[in-house]
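Before any comments, here is the structure.
The values are calculated or read from the model by the stated rules, or taken from the named source; none is laboratory data. Bear in mind the structure is a predicted one, so any value in this text is a computation, not a measurement. Backbone-built Cβ (ideal geometry, glycine too); neighbour counts: all protein chains shown.
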Amino acid sequence: MNRQLKVCLSSLLLIFPIYTAALIPLRTSADNTANDHVYRSIAVAQKEPKLQDRVLLQVPTLMQFPELPRGCEVTSLTMMLNFAGVQVDKLTLASEVEKVPYLVDGVYGNPHQGFTGSMYTFNEPGLTVYHKPIEKLANRYLPNQIDNISGESFDSVKKKLNEGKPVWVIVGSTFSYLPEEYWETWNTEDGDIKVTRKVHSVLITGYDETNVYFNDPFFSEGNRSVDYQDFVTSWTQFGSQAISY
């Protein structure tokens, strides 16, 4: 092989890898991120458990009466914590939950900040407490385990029930949609909020295609039931407040 032919072959061997590499599209960091996201999404979707058509937990009941006429929120929380293995009673939680005055100089207490007024007697004004103070209180007994799923869909509640965990909620006392006539506007330190006297708290224990089941601290028997859609509508109207672990 003459010298000129060797030079040509050597040149081709040097050029060919460069030409081949130019034909292969470059992967940018954005491409890698996008593909990783797709792979993670697929993995998550594959691991998402299928919700059962029916779940019913057997959670021991507890009544709020006679000690806590307005204590449905802490009583429902007591049932949840007891079921999780925490030994605490409703009166202890009632004393520990954050509280705000019912009304001072025309300014109402905000249930997002604490229990408004008295839960111990109907002879003094009082109303309710919402999910944030309840979450804070629950975290004392199950630190780093409480899951506040407020604002999420009812499927999040069902997922907890599928895990064998009951769910604390705020709902209307009629367990159905409350017309505008039952609501009033309160001026609080945090601004105006809409409240109603027809507010209640229960512990959800199950569901099926037609009903939602719950322990109601008004009654001694457990797993009371209400029409599924009516319950979800009422729960959503109160901001879809829900806490579990």
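Annotation note: of Leu103, Leu91, the sole residue that is closer than 14 Å to Pro217 by Cα, out of contact with any Lys or Arg (no Cβ under 8 Å at 6 or more places or on another chain), surrounded by fewer than 22 Cβ atoms within 10 Å (Cβ to Cβ) and not aromatic (Phe, Trp, Tyr) is Leu91.
Which residues, taken from segment 63-76, are within 16 Å of Glu135 (Cα to Cα) and touching a Lys or Arg at 6+ places or on another chain (Cβ under 8 Å)?
Gly71, Val74, Thr75
For segment 114-132, the criterion of a residue being assigned to a helix (DSSP H, G or I) and without any contact (Cβ under 8 Å) to a residue 40 or more places away in the chain is satisfied by at least one position.
The residues on offer are Arg54, Arg70, Arg40, and the sole one that is under 27 Å from Ile146 (Cβ atoms), surrounded by 10 or more Cβ atoms within 10 Å (Cβ to Cβ) and modelled with pLDDT under 95 is Arg40. Of the strands (runs of 3 or more DSSP E) that lie entirely inside segment 175-230, those containing 3 or more residues that are surrounded by fewer than 17 Cβ atoms within 10 Å (Cβ to Cβ) and in contact with a Ser or Thr (Cβ under 8 Å, 6 or more places away or on another chain) span 191-196.
For Pro143, the stated conditions hold: it is modelled with pLDDT of 95 or more, within 22 Å of Val97 (Cβ to Cβ) and part of a loop (DSSP other than H, G, I, E, B). Against the numbered list (1) assigned to a loop (DSSP other than H, G, I, E, B); (2) closer than 28 Å to Asp147 by Cβ; (3) touching a residue at least 24 places away in the same chain (Cβ under 8 Å), Leu77 comes up short only at (1). Residue count for segment 95-116 satisfying the condition of being over 17 Å from Lys132 (Cα atoms) and among the small types (Gly, Ala, Ser): 1.
This table checks each residue for (1) in the same structural domain as Gln237 (by TED's automatic domain parsing); (2) crowded, with 18+ Cβ neighbours inside 10 Å; (3) closer than 16 Å to Glu189 by Cβ.
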residue	(1), (2), (3)
Asn110	yes, yes, yes
Phe115	yes, yes, yes
Pro125	yes, no, no
Ile134	yes, yes, no
Leu137	yes, yes, no
Pro143	yes, no, no
Gly151	yes, no, no
